[in-house]
1. Would you mind ranking Ile2, Ile61 so that the residue whose beta carbon has the fewest other beta carbons within 10 Å leads the list?
2. Show me the ranking of peptides 27-40, 71-84, 45-58 by mean Cβ neighbours inside 10 Å, starting with the highest.
3. Lys75 label point, 7 Å along Cα→Cβ, cut-off 14 Å on backbone N: hits in the stretch 48-62?
4. Restricting to the stretch 2-116, what percent of DSSP beta bridges are antiparallel, rounded to 5?
5. Tell me which aspartates and glutamates have Cα within less than 18 Å of Lys11's Cα, excluding those fewer than 8 residues away on the same chain?
6. Put a dot 7 Å past each Cα toward the Cβ at Glu33 and Leu84; how far apart are the dots in nm?
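No lab work stands behind these numbers, since they all come straight from the coordinates. Only a predicted model underlies this, so the values are computations on that prediction, with no experimental measurement involved. All Cβ positions, glycine included, derive from the backbone under ideal geometry; neighbour counts span all protein chains shown.
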Amino acid sequence: GIGEVVLTTRKNPRVLDMNNREEKLVYEGNAKEAVRLFPRELNVAATLALTASAEKVKVRIVSDPKVTRNVHEVKVKWKYGDMLLRFENEPHPENPRTSALAAWSAIRLLREILQRNP
């Protein structure tokens with residue numbers, strides 16, 4: 001099984017309503033608390049918490065003025081080895097707290113549901 005999952009999310013300070021000029025750790029803790037504190041920013045943490053248990057998923061949110069995209073790094077330790085996944089997504093133009101990919105994924109899912117259940 002999965003031993004540990006660590007999600008590090010980097011976002012530009014203006015997306016987090018901050019104005020720091022240096023990289024700053026905003027949050028470090030489990031996914032359950034992260035989703036409660038940042039419900040509009042962390043759909044990746046919520047998805048990981050559904051895959052593993054919310055207590056096994058550690059979340060780090062970093063306010064980083066050098067990034068222009070929403071960056072998610074996922075480290076997974078499990079009995080067969082380690083994995084590292086990195087995603088860099090353009091922010092949604094109307095809601096930069098999330099990526100455009102998240103909105104398009106939600107639209108596609110809704111279309112699929114509506115096609116199955118007219």
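1. Result, fewest neighbours first: Ile2, Ile61.
2. 45-58, 27-40, 71-84
3. 57-61
4. Counting DSSP beta bridges with both partners in the stretch 2-116, the antiparallel share is about 75 percent.
5. Within the straight-line limit of under 18 Å, Lys11 reaches these aspartates and glutamates: Glu22, Glu23, Glu28, Glu41, Asp64, Glu73, Glu88, Glu90, Glu94.
6. Result for the modelled spin labels: 2.6 nm.
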